[in-house]
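Working notes, beginning with the structure itself.
The values are calculated or read from the model by the stated rules, or taken from the named source; none is laboratory data. Everything quoted here is computed from the prediction, not taken from an experiment. Ideal geometry is used to build each Cβ from the backbone, glycine not excepted, and the neighbour counts take in all protein chains shown. To get the accessible areas, we keep the full protein, side chains included, count just its heavy atoms, and leave off ligands, DNA and RNA. Shrake-Rupley method; radii C 1.70, N 1.55, O 1.52, S 1.80 Å.
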Amino acid sequence: MESTINPAVIREQVSITALLAKLGHQPVHKSGTESVYRSVLRQDGKKLSLCVNDTLGVWYDKGTGKGGNVIDLGMAFWPGLATREVCGKLCEVMHQAVPATVPAVEQVGKRRRISLKLPYFRIDTICPLGQTPAIRQFLERRGIWEEAQGILQEVHYRRVDKKEEPIIYCAAGHCNESGGWQVRNKYFKGCLGNKGLTLLHGDNRRLCVFKGIFDYLSWKHDHPESADSALMVNRYTLLPAAIKVAMRYPALTVYFDHSPEGHQSLRQFITELPYATDGTPAFSGHHDYNEKRRTEVRAESESQKPKDLFKNIEVPFER
């Protein structure tokens with residue numbers, strides 16, 4: 001492929017779902033423009049793991065903790081390739097989708113275009129939690145409804161398309177330090193606008209560091225009286241910036257998840273700041289702190305169900 005491929009054009013014009021279809025992957029579940037796939041980035045690809053929002057042009061894989069735009073997906077799908085090479089692969093794959101009926105004269109001297117939608121979105125309203133039952137239920141199942149009060153808000157946003165009716169979404173979210181909104185609902189996890197860190201100020205000597213705010217809120221459930229400051233990296237590519245912030249605090253505990261990227265980021269963090277403490281034993285046996293909390297919620301729910309008193313009784317005769 002040409003070395004002058006513009007990554008910005010690729011991000012705007014290449015649909016993630018169309019790319020996955022060309023690579024032989026179809027969604028198992030769809031809700032509006034949000035699609036859920038079995039993992040395409042891991043060998044154990046039987047679990048539902050990859051979530052895609054084609055309207056916003058973003059994806060997130062729960063198993064690996066990775067996410068981003070279509071180029072980020074290409075980087076994860078073809079590890080070891082440079083960005084320019086990945087852009088070339090993306091164009092190569094998508095060019096195969098050009099209909100054979102396109103007149104040859106139109107293709108002479110022209111690079112084929114990937115005819116796909118450019119997504120737009122707009123935030124309509126930001127309001128306190130409790131307005132949308134589905135968001136409350138989502139946070140309750142995550143075990144962080146009470147802890148989220150005053151920290152998370154409801155973010156109502158829409159897809160803007162002149163040719164179609166607006167598609168309205170709602171998620172729980174918070175504003176990062178770059179002015180973007182980190183949002184999450186049952187089907188989607190991502191950022192609306194600029195990506196950035198999230199720092200919740202507390203004790204100016206003690207800092208706890210997390211990948212995302214759901215892990216922090218789960219930790220808060222276990223430490224309701226703690227006044228420690230909390231830093232959310234939000235994505236591991238922002239780790240260098242997070243380390244610079246963490247340098248201000250003499251006491252650090254890091255609670256990154258148990259993904260390969262999380263382990264690597266934890267090692268880098270402790271290498272840069274050797275006095276930092278590894279906090280991952282707090283959720284040993286679980287992918288992250290929120291998965292531990294979710295397990296506790298399910299166990300509590302099961303324990304409250306009425307027991308079947310006749311389950312193990314055997315009737316010694318027949319009528």
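The table below lists the values:
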quantity: Segment ILE168-ALA8, extension gain: residue separation times 0.36 nm, minus the distance between their alpha carbons; calculated: 55.0 nm
quantity: Separation in nanometres of the label points that stand 7 Å from Cα toward Cβ, at GLU92 and ALA282; calculated: 4.6
quantity: For segment 174-237, accessible area per residue (1.4 Å probe, heavy atoms of protein chains only), Å²; calculated: 41
quantity: Segment 201-295: chymotrypsin sites (Phe, Trp or Tyr not before Pro) falling in loop per DSSP and having at most 14 other Cβ within 10 Å; calculated: TYR275
quantity: Full-extension gain in nm, SER178 to LEU273, via 0.36 nm per residue minus C-alpha separation; calculated: 31.8 nm
quantity: Segment 177-319: antiparallel DSSP beta bridges as a percent of all, rounded to 5; calculated: 35
quantity: FRET efficiency estimate (nearest 0.05) - Cβ-Cβ, ARG122 to ASN194, R0 22 angstrom; calculated: 0.90
quantity: Violating pairs (Cα-Cα greater than 21 angstrom) within the set LYS189/LYS292; LYS211/LYS292; LYS66/LYS189; LYS30/LYS305; calculated: LYS30/LYS305
quantity: Computed E for SER226/VAL28 - FRET, C-beta separation, R0 51 angstrom, nearest 0.05; calculated: 0.80
quantity: Value of D in µm² per second that Stokes-Einstein yields for segment 179-319, Kirkwood Rh from Cα pairs, at 20 °C (1.002 mPa s); calculated: 125
quantity: Efficiency of FRET from Cβ geometry, GLN264 and LEU41, R₀ 22 Å, rounded to 0.05; calculated: 0.90
